[in-house]
Amino acid sequence: MNIVLPDGSTKDVAEGATVADVAAAIGAGLAKAALAGIVNDQPVDLSAPVQEGDAVAIVTAKSDEGLELLRHSTAHVMAAALVDLYGDVQFGVGPAIEDGFYYDVKLDRALSPDDFAAIEARMAEIARADEPFERRVVTRAEAEEIFANQPFKLELISELPEDATITTYTIGKFTDLCRGPHLPSTGKLGAYKLTKLAGAYWRGDAEREMLTRIYGTAFFKKAELEEHLHNLAEAEKRDHRKLGRELGIYMMDPMAGVGLPMYLPKGARVIRTLQEWLRRDLYERGYEEVITPHIYNADVWKTSGHYGFYKENMYFFEINEGDDENPRMSEYGVKPMNCPGHVMLYKNELHSYRDLPLRYFEFGTVYRHEMSGVVHGLLRARGFTQDDAHVFCTKDQVVDEVVAILDLVDHIMSTFGFQYEAEISTRPEKSIGTDEMWDHATSSLKQACERHGLAYEINEGDGAFYGPKIDIKVKDAIGRTWQCSTVQVDFNMPERFELTYRTEDNTEERPWMLHRAIFGSIERFLGILIEHYAGALPLWLAPVQVAVLPLADRHNDAAAGLAAQIKAAGGRVEVYDQNEPMRVKIAKAQSQKIPYMVVLGDKEIENGTVSVRDRHEGDLGAWPIDQLLEKIREAAL
């Protein structure tokens, strides 16, 4: 019988052949490398049968699916090791994830990272034994009997559809409820490492039982694992939560609430510097700054649609607009986004085609009710400030406006040394707007990227219900990808708020509306910058640019005078005039990632120089004071 290969060719195999037989028919090399298969777009084990006309692809270590297969199988091997070591273990779920795998378990004893060595050692024994992953199709009754002592598995079984095919996989003493596929045997495992422990509520429900989540990762090659572990260690050193605390950038106080960052003076300085830098640029690009309230009457959110579709992510409250004798309650909502305010500002005046494009921008603080479990420092907070802008334009102006936004994106990302890529998300199944509007909007986004020379991927069907979008993803210094800038076409707001403009033909038309944010959340962007630069922000953005280090108390007056000169040049400076050894002063300034440390003693005062130390390059020797001031002036906004 014939099966169809990925290149469209066919291969003749015997009746009753399996995926493994197909791999062998293609070639001995592929048969040796084969790990699983994909039959008619469904992942299957090598032992799965194939039928006449099936489309068959072979999964190897080089396949996109190979790494997920390896990690899922490694999670099972870890679970088997737990059973061997600890006996009675109750299992939740154990999937492969983006950078590894995890398994949620319940044991009679507490685990710690000190247990990882023993678990990994038992995993190695299982791998050396080259035990097969044995797949079995079972009835519901059989499944309930197999997992009679596994309440979490029984719960999953009870939720399966009546006609579901139920399969189990067994390694040694461990049997799991699993769809598969898996590696042919444990001997195919690569390099792996258990990485951390965490608590995890069963099914993510805080009302349910807390389980222990064991995280790990796996790669086919040891070198790949070592590189990944190095990157993890580097990411831990760069963690913005740790550095933010050590550098005095921001703090979180449980009394204030979850996910509500508070900026210390240094952090506020960085935030304001970022905003002033972008504000100046936006004015030059034809934007107009606006300021809108933090709260609105609930009628605004009902008109915008947020009340019906986004209410669970918002904060609402009631106030008495009357008095105690004649109460008149009104409902208000704290804004989760700035767009309704900008729309109302547009509607405040009559507009003609001559007024367009109209570009409003705002550094608007918004609040969203994120679940406490996903809040993560500055990267995901409940209160944050967006560098938000909305462009109101005609249909024919969309491409030019998006090109201009992409130019701004390039300016900002190149300033920080970010490489970036674009992704265009297209129309989802549920959406508003006509086919013509969606086609024009999506085509406009593609044209804008092409005119700008920006390559893009298509994320089919992942646009918002109200319009397509471009997402900009940046890559940081250690290769991690972050989603930052967004350009979004919106058919919804102009329609809901009945926006119009007068055309050249003296008719009324709806304007097209573009949302755009470059930093996205300023908090999140700052967190990314801290991790990208490992806390050593560039000279122009550093909260303190120069630390003046007098050698002795008699040099303090001269140090204060030098600090005044630096401030007059637009610099940010601190004087370390404590009675401490110079090595201690240098260490303190170095730990604060201050770009320049300047030492001032008798010799420097006599010669009108300073001894300069760079945070990265170390001792730069003696500089005339004017040379230092010129460096500061060059970095000033």
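Only the coordinates and a few stated rules stand behind these numbers; no lab work does. All of these numbers come straight from a predicted model, not from anything done at the bench. All Cβ positions, glycine included, derive from the backbone under ideal geometry; neighbour counts span all protein chains shown.
Computed quantities for the displayed model
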{"item": "Diffusion constant of the chain at 4 °C, which comes from Stokes-Einstein with the Kirkwood Cα-pair radius and 1.567 mPa s, µm²/s", "result": "44 µm²/s"}
{"item": "FRET efficiency estimate (nearest 0.05) - Cβ-Cβ, residue 33 to residue 439, R0 41 angstrom", "result": "0.40"}
{"item": "Protection proxy ranking of 335-343, 180-188 - average other beta-carbon atoms within 10 Å, highest first", "result": "335-343, 180-188"}
{"item": "Sequence ranges 534-541, 379-386, ranked by mean other-Cβ count within 10 angstrom, highest first", "result": "379-386, 534-541"}
{"item": "Relative contact order for the chain, counting Cα pairs under 8 Å that sit 6 or more residues apart, in percent", "result": "9 percent"}
{"item": "Distance between the stretch 213-248 and the stretch 448-491 - C-alpha centres, whole angstrom", "result": "27 Å"}
{"item": "Beta bridges by DSSP in the chain, antiparallel share as percent, to the nearest 5", "result": "85 percent"}
{"item": "Between the stretch 504-546 and the stretch 43-117, the Cα center-to-center distance that results, in Å", "result": "40 Å"}
{"item": "Interchain or long-range residues, amide H under 5 Å from residue 183's placed H", "result": "73"}
{"item": "For the stretch 2-60: rounded, prolate or oblate by the Cα gyration tensor [a/c cutoff 1.5]", "result": "rounded"}
{"item": "Reachable lysines, given that their alpha-carbon falls under 30 Å from the alpha-carbon of residue 11 and they are not under 8 places away in the same chain", "result": "32, 62, 188"}
{"item": "Burial order of peptide ranges 453-466, 567-580 (average beta-carbon count within 10 Å, highest first)", "result": "567-580, 453-466"}
{"item": "Whole-angstrom gap from the stretch 134-150 to the stretch 319-334, using each part's C-alpha centre", "result": "59 Å"}
{"item": "Rounded if a/c under 1.5, otherwise prolate or oblate - the stretch 572-637, Cα gyration tensor axes", "result": "oblate"}
{"item": "Lysines with Cα under 27 Å of residue 567, excluding same-chain neighbours fewer than 8 positions away", "result": "266, 585, 588, 593, 603, 631"}
{"item": "Greater than 22 Å apart at Cα, pairs in 196/242; 430/469; 335/446; 446/473; 106/193", "result": "335/446"}
{"item": "DSSP-assigned coil residues among trypsin sites (Lys or Arg not before Pro) in the stretch 300-337, each with at most 13 further Cβ atoms within 10 Å", "result": "328"}
